[in-house]
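Each remark here refers to the structure printed beneath this line.
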Amino acid sequence: MQYLLTVLIFLPAAGAIPVLLARGRDAVRWTTLAVTAATFVLSLVVLAGFDWRVGSLGYSYEPGGVVQMVHRASWIRAFNIEYFVGIDGLSLPLVLLSTLICLLAAVASWNIEKMTKGYMALFLLLETGILGVFLSLDFFLFYVFFELSLLPMYFLIGIWGGPRKEYAAIKFFLYTLVGSICLLIVLIGTYLYSRDPVTGQGTFDLIKLAAMPGNFSAVARTFFVLAMVAFLVKVPAVPLHTWLPDAHVEAPTPISMILAAILLKMGGYGIFRVAYPLFPEAAKYWWMLFAIVGVVSIIYGALCAMAQSDFKKLVAYSSVSHMGFVVLGAAMMTTAAVNGALFMMVAHGITSAAMFFIVGVIYERAHHREIGRFGGLATTMPVYAGLSSVAFFANLGLPGLCGFIGEVMVLLGSFQAASEGSILMQYTGGAAYRAIIALAVLACTGVVLTAGYMLWTIQRVFLGPEKPEYKGFAEVDGREVAVLTPLTAMAILLGVLPVVFVFAFTEQTVKAIVGLL
């Protein structure tokens, strides 16, 4: 088991070599599919070997905390940098989500004809970067993989994107680069402030850093804000979100799936892996600022989605709104809110991937994304409409589907933050009661707005009389059904059995995070 996670991380990158050596477009496609399938199977092996009864304690933020399947080796001795990977209840659901979405995105990439070999190689390199972020427990290694995921995405948008691909790619790169610089400052600062007075060496070990008394109290508030800026760019949260609609609109469908389902989760994961554990007192000091950011993102994203005529932009802005619940859940610091935020990341990964693929399916046939020009597709393409409806209703938070659980737990946890004994009430001496209630109530309006624009979209795209111009549209084929069926199944299973698929792994880790705060 020692090398299992290392193999999991680097298998896609290694698979890029035979992809580059393959001859013929079909060989390239099948090799990529085989590599992503093998990576997914290997993640299931990790799941099978994960002891959730003990290992869900995971990253306990205490000396001797349990992290499973650890592979640790000295890397750069002069600065005490290690190759340190491990898995716990926080990272396991996101690793499984990543390997599943990458496998489905490889199937969705079957129609890529331009420079297929380069596309698939960058695609696999991107998967390695993503898995490295979720499994790294050394801050320096985390940063390396965090940056590694940036370059493939830049080229995948900039070369294989739509008419404004260069603009979207550069905008994505610049926004993310600003966040990366902020994170680099935190990285260097934590090393300097953690230096041992005897050896003169600091540490990048995230577990040791989280367990240090005082957590760099002199500069903790500044470091925390810089770290949050870095991660909120990825989430993305208002006002750092403007790169997202352009990137989504111009990116090819499979890359939009990965961007929404996985890359945005790297921001939420960083909040719970780095920002809050390393700077718990600063997190309490700045709670209101980031709770407001979360609520504004929820409402603003929903209102912008409601105003869109472009199908893909609507889904992009809905991601801003849904990820606002993750930021709000983190800011409220109750067990229910944090659990809801983590569940929301997984659930949104499923629904957003499905939604972007749904847009891609109809775009390939109609060659436009204007919502107002559609209508009656439930008659023309009933199977497509049926599978799409599950994704739409999961996205709007219908009880029994995955979107409901995360939203309701974040909202319940937000109201619980106003109760006696909560972290925020203790920290503020009860003075935050009205602010917490007001923010929780405002967040509830986001649920109503989401239902509004999702139902309106269903009405305009699928209902009504069949339009003559779309009568010749072919029903979804086997490849498209193969992508949508697992996403539809997971949307239902996560909604019906959330404990089995997520909370069984995250519950104890969440208690440890909240306990630290």
_Can you list residues from other chains, or at least 5 along the same chain, whose modelled amide H is less than 5 Å from the amide H of Gln201?_
Asp196
*For segment 286-360, just run the numbers: alpha carbon Rg, then divide by 2.2 N^0.38 Å, N being how many residues it has.*
1.15
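Counting each pair of different Cα atoms once, what's the Kirkwood radius of the chain in Å, rounded to one decimal? Provide the component values of the computation, followed by the final result.
On the way: mean 1/r = 0.0436 Å⁻¹.
This gives a value of 22.9 Å.
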*asked:* To test your reading of the geometry: what angle, between 0 and 90 degrees and rounded to tens, separates the Cα axis of helix 25-49 from the longest principal axis of the chain?
replied: 40
*Name the residue farthest towards the positive end of the dipole of the chain from the options Ile298, Tyr269, Thr506, assuming +1 on Cβ of Lys and Arg, -1 on Cβ of Asp and Glu, about the Cα centre.*
Ile298
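How big is the dipole moment of segment 365-490 about its Cα centre under a simple scheme where the beta carbon of each Lys and Arg is +1, that of each Asp and Glu is -1, and everything else is neutral? Debye, nearest 20, please. Please list the in-between numbers first.
On the way: 8 positive and 8 negative charges, 51 e Å.
That gives a dipole near 240 debye.
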*With θ set to phi - 60° and the Karplus curve 6.51 cos²θ - 1.76 cosθ + 1.60, what are the ³J(HN,Hα) couplings of segment 467-472 in order, to the nearest whole Hz, using x for Gly and Pro?*
8, x, 5, 10, 4, x
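Which of rounded, prolate, oblate describes segment 235-323, given a ≥ b ≥ c as roots of the alpha-carbon gyration tensor eigenvalues and a/c under 1.5 marking rounded, otherwise prolate only if a/b is larger than b/c?
Values: a/c = 3.48, a/b = 1.63, b/c = 2.13.
Oblate is the answer for segment 235-323, as a/c is 1.5 or above yet b/c matches or exceeds a/b.
Given the peptides 400-410, 489-499, arrange them by the average over their residues of other C-beta atoms within 10 Å, most packed first. All intermediate terms of the calculation are to be shown ahead of the outcome.
Working: 400-410: 24.0, 489-499: 17.5.
Per-residue mean Cβ counts within 10 Å order the peptides as 400-410, 489-499.
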*Any idea which of Ala391, Ser422, Trp456 is furthest toward the positive side of the dipole for segment 381-503, if Lys and Arg beta-carbons carry +1 and Asp and Glu beta-carbons -1?*
Ser422
*asked:* Taking just the alpha-carbon atoms of segment 301-414, what radius of gyration and Dmax come out, in angstrom?
replied: 15.2, 48
*asked:* Loop-only trypsin sites (Lys or Arg not before Pro) in segment 273-313, please: DSSP not H, G, I, E or B, and at most 14 other Cβ atoms within 10 Å.
replied: none
*Among 382-391, 73-82, 106-115, what's the highest-first ranking by average C-beta atoms within 10 angstrom per residue?*
382-391, 106-115, 73-82
*asked:* If I fit a long axis through the Cα atoms of helix 4-21 and take the longest principal axis of the Cα atoms of the chain, what angle between them do I get, 0 to 90°, rounded to 10?
replied: 40
*Under a point-charge model restricted to the Cβ atoms of Lys and Arg (+1) and Asp and Glu (-1), what is the dipole moment magnitude of segment 177-312 relative to its Cα centre, in debye to the nearest 20?*
240
_Cα long-axis angle, helix 150-160 against the chain (0 to 90 degrees, to the nearest 10)_ = 10
*Along the three principal axes, how long is segment 183-335 when you take its alpha carbons, biggest first, rounded to the nearest angstrom?*
62, 31, 23
*Quick one: net charge of Val85's neighbours, Cβ under 15 Å, K/R +1, D/E -1?*
-2
_Greater than 21 Å apart at Cα, pairs in Lys234/Lys312; Lys117/Lys171; Lys165/Lys265; Lys114/Lys471; Lys117/Lys165; Lys117/Lys234_ = Lys117/Lys171; Lys165/Lys265; Lys114/Lys471; Lys117/Lys234
*At a probe size of 1.4 Å, how large is the accessible area of Asp138, to the nearest 10 Å²?*
0
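Taking only DSSP H segments of four or more residues, each worth -39500 (n - 2.57), what value at 222 nm results for the chain once the sum is divided by all its residues, to the nearest 500 deg cm²/dmol? The partial results should precede the final answer.
Working: 24 runs with 358 residues, N = 517.
Helix contribution divided over all residues of the chain: -22500 deg cm²/dmol.
What's the ranking of 314-327, 7-20, 460-473 by average number of surrounding C-beta atoms within 10 Å, highest first?
Numbers: 314-327: 28.0, 7-20: 19.1, 460-473: 14.1.
Order by mean packing, descending: 314-327, 7-20, 460-473.
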*Quick one: net charge around Ile157, please, counting Lys, Arg +1 and Asp, Glu -1 for every other residue with C-beta under 14 Å from its C-beta.*
+2
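Let me know the charge dipole size of the chain about its Cα centre in debye, to the nearest 20, where only the beta-carbon of Lys, Arg (+1) and Asp, Glu (-1) is charged. Mind dumping the intermediate values first?
Values: 29 positive and 26 negative charges, 109 e Å.
So the magnitude is around 520 debye.
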_Please list 3J(HN,Hα) in residue order for segment 187-192, calculated via the Karplus relation 6.51 cos²θ - 1.76 cosθ + 1.60 where θ = phi - 60°; whole Hz, with x for glycine and proline._
4, 5, x, 5, 5, 5
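The values are calculated or read from the model by the stated rules, or taken from the named source; none is laboratory data. For clarity, every value in this text was computed on a predicted model and none was experimentally measured. A quick note on method: Cβ atoms are made from the backbone with ideal geometry, for glycine too, and the neighbour counts reach across all protein chains shown. Remember, those area values only see protein heavy atoms, side chains included, never the ligands or the DNA or RNA. Shrake-Rupley method; radii C 1.70, N 1.55, O 1.52, S 1.80 Å.
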